[in-house]
Amino acid sequence: YGILDVLEEKGAKGTFFVTGDWAQRYPDAARAIVAAGQEIANPSLTHPAFSSIGAVGAVSELDETERIV
């Protein structure tokens, strides 16, 4: 939350790359990011090496995170 305070104080915008797992564990923090007018980006559900899970796995990771966020 301190980062959100500093961004607001400085009038700056930030992009927070949060995994879907993180957003599920800390929904209040994810909501605070959005409520502060900041951006949430989707790096995937668990941040695996996409080259090891293939295209179908990568799409699944990204879609699930979109659903959560």
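The values are calculated or read from the model by the stated rules, or taken from the named source; none is laboratory data. Treat the numbers as computed from the prediction; the structure is a model and nothing was measured. No Cβ is skipped: glycine too gets one built from the backbone with ideal geometry, and neighbour counts run over all protein chains shown. Only protein heavy atoms, including side chains, enter the accessible area calculation; ligands, DNA and RNA are left aside. Shrake-Rupley method; radii C 1.70, N 1.55, O 1.52, S 1.80 Å.
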For this session: Any chance you could count how many residues in segment 22-47 are β-branched (V, I, T) and assigned to a loop (DSSP other than H, G, I, E, B)?
Result: 1
Exercise. Within segment 11-21, can one find any residue that is open to solvent by less than 100 Å² (accessible area, probe 1.4 Å) and assigned to a helix (DSSP H, G or I)?
Worked result: yes
For this session: Could you grab the pairs with beta carbons closer than 6 Å, sequence gap of 6+ or different chains, first residue in segment 4-30 and free of Cβ contacts under 8 Å to residues at least 40 places away in the same chain, second one part of a strand (DSSP E or B) and open to solvent by 30 Å² or more (accessible area, probe 1.4 Å)?
Result: T15/E39; F16/I40
